[in-house]
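One structure is given here, and the rest of the page talks about it.
The values are calculated or read from the model by the stated rules, or taken from the named source; none is laboratory data. The model shown is predicted, which means the values in this text are computed figures rather than measured ones. Every residue, glycine among them, receives a Cβ derived from its backbone with ideal geometry; neighbour counts consider all protein chains shown.
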């Protein structure tokens, strides 16, 4: 998401950098100037030349050397640089090995990012409440999230007798309790798994009965457990 330019490329030259050009390199890495042939521009504001150059901190192999990378196919997560034909990786791990799975996931997320109604970054939890159902054990919890751009996202957890709890998320003002949870590795899954706090803050339950607070916290834990860990 931080990379305005994403490139599918094949490395054709690696030149190790030393001295001041390699200042700040962490142990186990070596800095190098890399040139790569562009196979495809997955995402970018401007066209790229057939070959791009960039600086990368490359993990050393078991012998403490830069591995042989000539002809290696990579995914580059970068931003345009000031010099023509140059790009700048957005982070130390901005160069990733290419694989069919990584390529497909990258293209899917890049498409989701620019789609209308793309889920924004989650900044916290607003109001939360629980409504008991007509029968024991039934009920519904609604949790309204705060977002970076102010657009609404909510979580809905429904409990019915004889059924496991069901949760869903809604983008916009209308909620659909019958919607399915977001699939793993979608943009919405990432926003929730990596943006939700570990617990609902007390301030979100202003005026809510203690028993309903406990039920809402239990339902929120169901959401977190279902999403799983945010592993970057």
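Can we say residue 47 is surrounded by fewer than 19 Cβ atoms within 10 Å (Cβ to Cβ), in contact (Cβ under 8 Å) with a residue 12 or more places away in the chain and under 26 Å from residue 105 (Cβ atoms)?
Spelling it out, it is not the case that residue 47 is surrounded by fewer than 19 Cβ atoms within 10 Å (Cβ to Cβ), in contact (Cβ under 8 Å) with a residue 12 or more places away in the chain and under 26 Å from residue 105 (Cβ atoms).
Scanning for something loosely packed, with under 15 Cβ neighbours inside 10 Å, assigned to a strand (DSSP E or B) and either touching a residue at least 24 places away in the same chain (Cβ under 8 Å) or in the same structural domain as residue 106 (by TED's automatic domain parsing) (or both), does the range 50-57 turn up at least one residue?
Among the residues of the range 50-57, at least one is loosely packed, with under 15 Cβ neighbours inside 10 Å, assigned to a strand (DSSP E or B) and either touching a residue at least 24 places away in the same chain (Cβ under 8 Å) or in the same structural domain as residue 106 (by TED's automatic domain parsing) (or both), which makes the answer yes.
Could you check the range 79-101 and list, in sequence order, the residues that are closer than 17 Å to residue 56 by Cβ and either outside the structural domain of residue 34 (by TED's automatic domain parsing) or without any contact (Cβ under 8 Å) to a residue 40 or more places away in the chain (or both)?
81, 83, 85, 86, 88, 89, 93, 96, 97
Could you check the range 108-125 and list, in sequence order, the residues that are surrounded by fewer than 16 Cβ atoms within 10 Å (Cβ to Cβ) and either farther than 30 Å from residue 141 by Cα or more than 15 Å from the chain's Cα centre (by Cα) (or both)?
Hits for the range 108-125 are 108, 111, 114, 115, 116, 117, 124.
Applying the selection to the range 180-222, what residues are part of a loop (DSSP other than H, G, I, E, B) and more than 25 Å from the chain's Cα centre (by Cα)?
206, 207, 208, 209
For residues that are in contact with a helix residue (DSSP H, G or I) (Cβ under 9 Å, 6 or more places away or on another chain) and either more than 18 Å from residue 221 (Cβ to Cβ) or not assigned by TED's automatic domain parsing to the domain that holds residue 220 (or both), tally how many sit in the range 184-201.
The qualifying residues number 6.
Taking the criterion of being more than 29 Å from residue 190 (Cα to Cα) and at pLDDT below 95, would at least one residue in the range 94-114 satisfy it?
No, that holds for no residue.
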